[in-house]
Structure formats: structure tokens, C-alpha cells
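Okay, structure first, notes after.
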Amino acid sequence: MQTQQAFSIEVHAFDQGRILSLHGYLDASTSNILDQEIQKTLADAIHKIIIDCTDLTYISSAGLGIFMKHIDAIRKHGGDLVFCSMQKSVYTVFDLLGFPILYRIVDSTESALSLFQVGGES
Amino acid sequence: MTMLEPGIYSASASVHELAGIRAFVFERLTTQGLDSNIAQSLCLAVDEACSNIILHGKDLNASRLIIDVEYSNGLCRIRIKDNAKTFDPNSVKSPDMMSYFKNFSYGGLGIELMRRIVDGMIYEQADAKNQWNTLLLHKYIHSPRN
């Protein structure tokens, strides 16, 4: 289990949307970074958001809480949060509380992008 | 952070200590032979317990956390001591997750995660004889829940 890498976010644009690639661990000490980035995305009127979890090594309830804080507003604007490329240990935490019922979780960025293209959310 | 002696870890009650606490718990459990997936889930339970203590005790200065970890004979016992405000996680009701999702609620899931990971949580609050609140988390490794 790593302690060196804390948390950072890489941001990439796609057609009317944004990919937030999370790196490191998401706990009570780092979740505010994610909160600020999602707030910034929503302030830019972007509501199609892909959360790329390829390099997310850990999540606690503090991280889950940030997604829950924003999902209602995102969906009210016709958008969504789609998660992709989750490591097994991270998926296990989502699954423990039943979050796969609420969120779309897919295996790759390409699959996440195609969901937005098919769904046509804005 | 201070390693008081092998198996005992002391940290200030700060969210910035959480990564070190998780690394300590993971290392202690896996070096004693526990499966790394189970050790990871126990790290999450400890993180949630410590986060709650930090959150609820944040107005007390200089509060500390002392964590000790044991794994033997199929039983994990993790003891978390703190000198922050008394807070018994057993006093928090489990949320109805379907209502939680329907209402787009957020927050308050840490204790529920702990409940779903461990087999028991015993809380003893500080008193005149003992200045430390103590939360004991235990998990039976050969239980059907694994």
C-alpha cells in the first residue's frame, strides 16, 4: 500500500465533456481536491463527466461523498458521472455499499465515451 | 507519527496522518500472514474509524490516536485509542441505502462501511481511571463473510 503519492487530477476535454483522471488515494485528506475540481467543471457548465479511475489506488467514504454531493445537480442538468477503469480494490468499496446501482461503471474510457454518445446527455 | 513499539502506532489526530495509519495497519496485518485483500478492507475500516474521531474531536487541540494491531488464530483485533471527544460509532443508525440513493444524500457512510467490513465494534469511553476512549474492531478471518 503506497503512502508516497497523495492525490492529483489530470483533466482532459472531450466533446462537451470532461475526463477527470484521478491519481493516488482519495480519503478525508484529499477529497477536497476532487470537490474543487468538480465544482470548477460544473461552473464551466460541463455536466458530462468521466471519472477515470485507472490510477486511483484507494477510496474511502470521504471520496464517495464528493460524488454523491454533486450527482443530483449533474443529472438535473442532463449530464452524468460515468466511472471507468476501476481497480478491483476501489470497485469493492463502491460495491460494499451498493453504489453500482446508482452509477454507471465501465471498463474503459472508450466505453465511457460511447455511453455519452449514445445517451446524448448535455 | 511515532512507532511506540512493534505493533503500536501513535499519530496526531489529523487527516494528514491517515495514509500513514493505513500503511501501518496493512504492513502489520500482511506481515502476520493475513491475505492482502482482507488487510486492505481492514485498512478502510480503520481509516473510517480514525476519520470519525478526527472529525468529531477536531475542536480539541493536541488529540492523539494510538493504534495497535494483532492477528493470530484467525482473529484480527485492531484497537484505536483517542483522547478526543467521546463518540461511539455503535450509536449511529445504519442508513437505508435505497433511500440514501433516491434522495441523493451524501456523507455519513463511514460507519456503515466499518459495519460491513468488521464482525464487531466495541467502544469504551474514557473515564476517571483511563484517559483514552478505546474502539476495538475485530474480524474473524475464517467466518463465512470472507
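Values computed for the structure shown
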| read-out | value |
| --- | --- |
| Fluctuation leader among A:Asp72, A:Asp55, A:Asp27 - chain A, Gaussian network, Cα springs under 10 angstrom | A:Asp72 |
| 32 Å Cα-Cα threshold exceeded, pairs from A:Lys69/B:Lys85; A:Lys88/B:Lys85; A:Lys69/B:Lys129; B:Lys81/B:Lys102; A:Lys40/B:Lys81; B:Lys85/B:Lys139 | A:Lys88/B:Lys85; A:Lys69/B:Lys129; B:Lys81/B:Lys102; A:Lys40/B:Lys81 |
| Translational D in µm²/s for segment B:2-140 (Stokes-Einstein at 25 °C, 0.890 mPa s, Kirkwood Rh from C-alpha pairs) | 159 µm²/s |
| Candidates per trypsin sites (Lys or Arg not before Pro) in segment B:81-121, loop by DSSP, up to 10 other Cβ within 10 Å | B:Lys93 |
| Cα pair count fraction exceeding 20 Å, expressed as % - chain A | 36 percent |
| For segment B:9-17, 3J(HN,Hα) per residue [Karplus equation, 6.51 cos²θ - 1.76 cosθ + 1.60, θ = phi - 60°, Hz, x = Gly/Pro] | 10, 10, 9, 6, 7, 9, 4, 6, 8 |
| Projected area, mean over directions - the protein assembly as shown, Cα convex hull, nm² | 14.9 nm² |
| Chymotrypsin sites (Phe, Trp or Tyr not before Pro) restricted to segment B:66-109 and DSSP loop, no more than 14 other C-beta within 10 Å | none |
| Accessible surface of chain A [probe 1.4 Å, protein heavy atoms]: carbon and sulfur percent | 50 percent |
| Accessible surface buried upon B-A contact (total; probe 1.4 Å; Å², nearest 100) | 2200 Å² |
| Average accessible surface area per residue within segment A:8-107, 1.4 Å rolling probe, Å² | 38 Å² |
| Dipole magnitude (debye, nearest 20) for segment A:8-107, charges at Cβ of Lys, Arg, Asp, Glu | 260 debye |
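The values are calculated or read from the model by the stated rules, or taken from the named source; none is laboratory data. All values reported here derive from a predicted model rather than from experimental measurement. Here Cβ is always computed from backbone atoms with ideal geometry, including for glycine, and neighbour counts include all displayed protein chains. For the accessible areas, the whole protein counts, side chains as well, though only heavy atoms, and no ligand, DNA or RNA atoms are used. Shrake-Rupley method; radii C 1.70, N 1.55, O 1.52, S 1.80 Å.
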